[in-house]
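The values are calculated or read from the model by the stated rules, or taken from the named source; none is laboratory data. Small disclaimer: the values here were computed from a predicted structure and weren't measured. FYI the Cβ positions are ideal-geometry reconstructions off the backbone, even for glycines, and counts take in every protein chain you see.
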């Protein structure tokens with residue numbers, strides 16, 4: 001489990017786009033670096049990210065080693081009814097982590 | 001004069017072998033091939049996509065980037081970003097679903113050197129659009 005910060009407005013207007021920001025605490029080791037002994041440091045990144053709202057997809061992203069450490073993502077979502085925003089990401093070890101945030105539509 | 005010319009020639013000869021000591025890097029040709037594969041038979045035009053990156057980058061380890069497309073949301077099939085001076089040129093691929101609020105994504109990327117970054121958007125009608133930014137990187141992302 002890694003630490004994740006999510007910024008979502010608590011209340012949003014129906015059908016109006018709102019911004020979601022997310023910061024994942026992860027080294028995103030690119031696999032291009034070498035340690036002090038000259039050994040290659042193995043790649044360890046979050047390679048895939050999916051965001052859904054009440055089971056409808058918002059977006060999915062493939063991340064490559066060129067994404068900076070502690071990846072930050074920001075995107076827009078629209079909601080017609082109150083529900084849950086679910087964000088899932090997978091790292092190079094196959095570990096799946098899911099974070100949720102609830103949104104109230106008024 | 002002969003001796004001076006000899007010194008000049010040997011002097012320049014010493015400098016040449018030092019030149020190819022750059023770290024592994026993608027090339028514009030590789031990126032062009034990746035984009036050609038993505039675009040297929042469609043033509044690639046320079047409009048509708050906005051790639052927002054600083055022109056002067058102080059620290060290549062973390063560069064804020066926003067890509068947006070001037071199109072209806074349902075029309076945007078994918079956004080891809082390529083950095084031709086990075087060891088691995090592909091940076092990001094995004095596909096939008098029905099609940100997305102706008103065809104836009106912001107993140108932070110690594111840049112290994114001063115280079116051209118290209119964003120390509122593919123629309124549902126098959127048309128492809130791009131934007132490019134030439135930027136200068138003062139401190140490169142660490143690759144060694």
Out of (1) in contact with a strand residue (DSSP E or B) (Cβ under 6 Å, 6 or more places away or on another chain); (2) modelled with pLDDT of 90 or more, what's the single condition that is false for residue B:139?
-> (2)
Report yes if residue B:106 is at the interface with chain A (Cβ under 8 Å from one of its Cβ atoms), part of a strand (DSSP E or B), touching a residue at least 40 places away in the same chain (Cβ under 8 Å) and touching a strand residue (DSSP E or B) at 6+ places or on another chain (Cβ under 8 Å), otherwise no.
-> yes
When every residue in the range A:30-41 that is at the interface with chain B (Cβ under 8 Å from one of its Cβ atoms) and more than 22 Å from the chain's Cα centre (by Cα) is compared, the one surrounded by the most Cβ atoms within 10 Å (Cβ to Cβ) is A:32
Which residue, of A:86, A:98, A:52, A:78, is away from chain B (no Cβ under 12 Å) and either closer than 30 Å to residue A:11 by Cα or touching a strand residue (DSSP E or B) at 6+ places or on another chain (Cβ under 8 Å) (or both)?
-> A:98
Filter the range A:10-29 for residues that are surrounded by fewer than 17 Cβ atoms within 10 Å (Cβ to Cβ) and within 23 Å of residue B:60 (Cβ to Cβ); which is farthest from the other protein chains (Cβ to nearest Cβ)?
-> A:25
Only one of these is in a strand (DSSP E or B), surrounded by 19 or more Cβ atoms within 10 Å (Cβ to Cβ) and in contact with a helix residue (DSSP H, G or I) (Cβ under 7 Å, 6 or more places away or on another chain): B:131, B:80. Name it.
-> B:80
Just one of (1) under 22 Å from residue B:91 (Cα atoms); (2) surrounded by fewer than 17 Cβ atoms within 10 Å (Cβ to Cβ) trips up residue A:55, so point out which.
-> (1)
Could you tell me which of the residues A:44, A:62 is surrounded by fewer than 21 Cβ atoms within 10 Å (Cβ to Cβ), closer than 16 Å to residue B:91 by Cβ and in contact with a strand residue (DSSP E or B) (Cβ under 8 Å, 6 or more places away or on another chain)?
-> A:62
Give B:47, B:58 a once-over and let me know the one that is part of a strand (DSSP E or B) and either touching a residue at least 40 places away in the same chain (Cβ under 8 Å) or surrounded by 23 or more Cβ atoms within 10 Å (Cβ to Cβ) (or both).
-> B:58
